[in-house]
Amino acid sequence: MDHGNETILQTIDGVPCRLKEPFDFCFLSEYGKVFRVFDSQSSGCICFGVSNDKNRYFIKFAGAETINNHGLPVSDAVARLKAAVPKYKDLKHPLLIRFIEGKPAGGGYMTVFDWEDGESFGIENPAARAKFLTLPMAQKVHVFEEILRFHGHVAKCGYVALDFNDNSTLYHFDTGKIKICDIDFYAKQSYINGMGRALGDPAVMSPEEYRIGGLLDEITNVYTMGATAFVLFSDNNRLSEAWPLSAALYAVVKKSISEQRQARQQTIEQLITEWNRAKAAPNCKTILA
């Protein structure tokens, strides 16, 4: 049934939840009580924070009619969530949220992770975004370098990071801890773009992610990482006048977002090496002091 833009409001353990039609989430009680609901995801999934006397969990569920599923069948969301499970196993890393299990539930499918305190600082969370942009430069550099480190690991594991953006990252403003929280669309290298416009945030998408037949691989992710640097350091302004770090670091990042693939760094490790070399220059050390 097509429910159009109709939205219903139900509560789960007293927490409000918006859906297109009522759904029974009683299976969540196996893990405890719901304390948080994320009901506006564009993936067709709905997510929960669930706690008991010992642990807190982040649970992602596909199988309900969510409010922002773009009219796609529930079965598509279920298939995508199932397909994500091997990725969390293959890409296990200290910076990635810890996967616990995936299994059928409620007529759909659920994945269970450790809960991580932190906030997404993407444009969908403007208060956290504004707070992040005011952080000392050294803290923002640390966040970027951790993102780089994780994606070096992604490349070594033979994957390409599709649909990565700043909403895929959690930052704890008190501890400075960072976690990558969403790799559902990452894919084995090399990946041929059969969509034309691939999934993702235009702020960090490479030219090949808009082109049918485009090769999406580690060089694509070099572009993604460079574009992410501009998002983190200059609020996506790519002009040199807006860049707050050294000219040498600007040159490294500008190279990584070259329109021509061969003009970019050819691996994440090369990007990391060039970044570290430029950061070691005396003038950059002064900026980061």
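The values are calculated or read from the model by the stated rules, or taken from the named source; none is laboratory data. In this text the structure is predicted, and so the values were computed from the model without any measurement. With ideal geometry, Cβ positions are generated from the backbone for all residues, glycine too; neighbour counts draw on all protein chains shown. Surface areas here come from the heavy atoms of the whole protein model, side chains and all, with no ligands, DNA or RNA. Shrake-Rupley method; radii C 1.70, N 1.55, O 1.52, S 1.80 Å.
Around Phe35, which amide H atoms from residues at least 5 apart in sequence, or from another chain, sit under 5 Å from its own amide H, with H modelled in the peptide plane?
Long-range HN contacts for Phe35: Gly49, Val50, Ser51.
Mind checking which aspartates and glutamates have their C-alpha under 17 Å from Lys188, skipping anything on the same chain fewer than 8 residues away?
Cα-Cα hits under 17 Å: Asp90, Asp163, Glu208, Glu209, Asp217, Glu218.
Considering Cα pairs under 8 angstrom that are at least six residues apart, work out the relative contact order of the chain and quote it in whole percent.
11 percent
Could you tell me which GluC sites (Glu not before Pro) in the range 1-105 are loop residues by DSSP with no more than 11 other beta carbons within 10 angstrom of their beta carbon?
Numbers: sites: Glu6, Glu30, Glu65, Glu101; in loops: Glu6, Glu65.
Sites meeting the loop and neighbour criteria: Glu6.
Would you tell me the accessible area of Tyr250, worked out with a 1.4 angstrom probe on the heavy atoms of the protein chains, in Å² to the nearest 10?
We get 40 Å² for Tyr250.
So who's got an amide H within less than 5 Å of the one on Ala105, skipping anything under 5 residues away but keeping other chains? H placed 1.01 Å off N, in plane.
Sorted by chain and number, the residues that satisfy this are Met110.
Quick one: accessible surface of Thr169, probe radius 1.4 Å, all protein chains present, in square angstrom to the nearest 10.
0 Å²
Starting from the Kirkwood Rh over alpha-carbon pairs, what translational D in µm² s⁻¹ does the chain have by Stokes-Einstein at 10 °C and 1.306 mPa s? Kindly include the intermediate steps, with their values, before the conclusion.
On the way: Rh = 20.2 Å.
Answer from the Stokes-Einstein relation: 79 µm²/s.
For the chain, what does the helix formula give at 222 nm: sum of -39500 (n - 2.57) over DSSP H segments with n ≥ 4, over the residue count, nearest 500 deg cm²/dmol?
Numbers: 7 runs with 91 residues, N = 289.
Helices in the chain give a 222 nm mean residue ellipticity of -10000 deg cm²/dmol.
Along the charge dipole of the range 197-268, Cβ charges K/R +1 and D/E -1, which of Gln262, Gly213, Phe233 sits furthest on the positive end?
Farthest along the dipole direction, towards plus: Gln262.
Using θ = phi - 60° and the Karplus form 6.51 cos²θ - 1.76 cosθ + 1.60, what ³J(HN,Hα) does each residue of the range 13-25 get, whole Hz, x for Gly and Pro?
6, x, 9, x, 8, 9, 9, 7, 7, x, 8, 8, 9
Keeping every protein chain in place, order Lys156, Lys82, Lys255, Lys54 by accessible area at 1.4 Å, biggest value first, i.e. largest first.
Working: Lys156 155, Lys82 105, Lys255 65, Lys54 180 Å².
Correct descending sequence by accessible area is Lys54, Lys156, Lys82, Lys255.
Heavy atoms only, probe 1.4 angstrom, no DNA, RNA or ligands counted: give me His172, His70 ranked by accessible area, highest first.
Details: His172 45, His70 145 Å².
From most accessible down to least: His70, His172.
Size of the dipole of the chain about the Cα centre, Lys and Arg at +1 and Asp and Glu at -1 on the beta carbon, nothing else charged, in debye to 20? The partial results should precede the final answer.
Numbers: 32 positive and 34 negative charges, 186 e Å.
It works out to roughly 900 debye.
If you average the C-alpha positions of the range 212-289 and of the range 150-172 separately, how far apart do those two centres end up, in angstrom?
About 16 Å separates the Cα centre of the range 212-289 from the one of the range 150-172.
Counting only heavy atoms of the protein chains, get the accessible area per residue of the range 154-257 (1.4 Å probe) and round it to a whole Å² value. List each step's numbers first, then the result.
On the way: 3840 Å² over 104 residues.
Value returned for the range 154-257: 37 Å² of accessible area per residue.
Give me the distance in nm between label points sitting 7 Å out from Cα along the Cα-to-Cβ direction at Phe173 and Ile192, one decimal.
For the pair Phe173/Ile192, the computed spacing is 4.7 nm.
Leaving out ligands and nucleic acids, note down the accessible area per residue over the range 1-124 with a 1.4 angstrom probe, in whole Å². Please list the in-between numbers first.
Details: 6410 Å² over 124 residues.
That works out to 52 Å² for each residue.
Hey, could you get me the Stokes-Einstein D for the range 61-195, Kirkwood radius over alpha-carbon pairs, 20 °C and 1.002 mPa s, rounded to whole µm² s⁻¹?
Working: Rh = 16.3 Å.
Approximately 132 µm²/s, per Stokes-Einstein.
Anything over 25 Å Cα to Cα? Flag those among Lys87/Lys179; Lys92/Lys254; Lys92/Lys255; Lys20/Lys82; Lys60/Lys89, in the order listed. Numbers along the way, then the final one.
Numbers: Lys87/Lys179 16 Å; Lys92/Lys254 30 Å; Lys92/Lys255 30 Å; Lys20/Lys82 22 Å; Lys60/Lys89 16 Å.
As for pairs spanning more than 25 Å Cα to Cα, those are Lys92/Lys254; Lys92/Lys255.
How much of the accessible area of the chain, in percent, comes from carbon and sulfur atoms when a 1.4 Å probe is used? Let's see the in-between values first.
Values: 7020 of 13340 Å².
Heavy-atom surface of the chain belonging to carbon and sulfur, 1.4 Å probe: 53 percent.
Could you tell me the relative contact order of the range 111-167? Use alpha-carbon pairs under 8 Å, at least six residues apart, and round to a whole percent. Don't skip to the answer; put the middle values down first.
Numbers: 23 pairs, mean separation 22.2, N = 57.
Relative contact order here is 39 percent.
Work out how much length Arg211 to Thr273 would gain on full extension: take 0.36 nm times their residue separation and subtract the Cα-Cα distance, in nm to one decimal. Please list the in-between numbers first.
Details: separation 62, 0.36 × 62 = 22.32 nm, distance 2.94 nm.
Here the answer is 19.4 nm.
Do any chymotrypsin sites (Phe, Trp or Tyr not before Pro) in the range 60-119 lie in a loop, going by DSSP, with at most 14 other beta-carbon atoms within 10 Å of their beta carbon, and if so which?
Working: sites: Phe61, Tyr88, Phe99, Tyr109, Phe113, Trp115; in loops: Trp115.
Answer by residue number: there is no such site.
Please quote Rg/Rh for the range 1-103 to two decimal places, taking the Kirkwood radius as Rh and restricting both calculations to Cα atoms. Working shown, then result.
Working: Rg = 14.2 Å, Rh = 14.6 Å.
Radius of gyration over Kirkwood radius for the range 1-103 works out to 0.97.
With every protein chain kept in the model, how would you rank Asp13, Asp114 by accessible area, 1.4 Å probe, largest at the top?
On the way: Asp13 90, Asp114 45 Å².
Per-residue accessible area, sorted high to low, gives Asp13, Asp114.
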